[in-house]
1. I need the full set of residues from segment 43-72 which are loosely packed, with under 10 Cβ neighbours inside 10 Å and either of a type outside the set (S, T, N, Q) or under 13 Å from residue 30 (Cα atoms) (or both), in order please.
2. Which residues, counting only those in segment 57-74, are among the acidic types (Asp, Glu) and either modelled with pLDDT of 90 or more or touching a Ser or Thr at 6+ places or on another chain (Cβ under 6 Å) (or both)?
3. Is it the case that some residue within segment 11-18 is of a type outside the set (Asp, Glu) and surrounded by fewer than 11 Cβ atoms within 10 Å (Cβ to Cβ)?
4. Looking only at segment 1-56, count how many residues are part of a strand (DSSP E or B) and either of a type outside the set (A, V, I, L, M) or modelled with pLDDT under 95 (or both).
5. Are any of the residues in segment 22-29 open to solvent by 50 Å² or more (accessible area, probe 1.4 Å) and touching a helix residue (DSSP H, G or I) at 6+ places or on another chain (Cβ under 8 Å)?
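The values are calculated or read from the model by the stated rules, or taken from the named source; none is laboratory data. Everything quoted here is computed from the prediction, not taken from an experiment. Here the Cβ positions follow ideal geometry from the backbone for every residue, glycine too, while neighbour counts run over all protein chains shown. Surface accessibility is based on the protein's heavy atoms, side chains included, excluding ligands, DNA and RNA. Shrake-Rupley method; radii C 1.70, N 1.55, O 1.52, S 1.80 Å.
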Amino acid sequence: MKEYDRVELIKDRAEYRKAGVKVGDRGVILGGDRNGYFLVYFDGEIVQDENGAYCTTEIDVGVRAEDLKVLNEW
């Protein structure tokens, strides 16, 4: 795995549930391997608030390498 790989979470853990992600969620790796973990930005949505400002709902989580599957979507 490397930076910018598209990945899917394949194992459920309490630490991931607490952060708001679950098995099947997809995202992109940002950064390299750090002690067996990768920083993954899981897909979210772009929303506009009542003031017209745009925000995103992505979730960034440190995920163990063995809990990820690389996807060939790019």
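1. Going residue by residue through segment 43-72, those that are loosely packed, with under 10 Cβ neighbours inside 10 Å are 45-46, 48-54, 66, 72.
Of everything in segment 43-72, those that are loosely packed, with under 10 Cβ neighbours inside 10 Å and either of a type outside the set (S, T, N, Q) or under 13 Å from residue 30 (Cα atoms) (or both) turn out to be 45, 46, 49, 50, 52, 53, 54, 66.
2. 58, 60, 66, 67 - these are the residues of segment 57-74 that are among the acidic types (Asp, Glu) and either modelled with pLDDT of 90 or more or touching a Ser or Thr at 6+ places or on another chain (Cβ under 6 Å) (or both).
3. Of the residues in segment 11-18, the ones of a type outside the set (Asp, Glu) are 11, 13-14, 16-18.
Within this subset, residues satisfying the condition of being surrounded by fewer than 11 Cβ atoms within 10 Å (Cβ to Cβ) are 14, 18.
Yes - at least one qualifying residue is present in segment 11-18.
4. Residues flagged as part of a strand (DSSP E or B) and either of a type outside the set (A, V, I, L, M) or modelled with pLDDT under 95 (or both) within segment 1-56 amount to 15.
5. Yes, segment 22-29 contains a residue that is open to solvent by 50 Å² or more (accessible area, probe 1.4 Å) and touching a helix residue (DSSP H, G or I) at 6+ places or on another chain (Cβ under 8 Å).
Matching residues to (1) in contact (Cβ under 8 Å) with a residue 60 or more places away in the chain; (2) small (Gly, Ala, Ser):
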position: 7; (1), (2): yes, no
position: 24; (1), (2): no, yes
position: 28; (1), (2): no, no
position: 37; (1), (2): no, no
position: 45; (1), (2): no, no
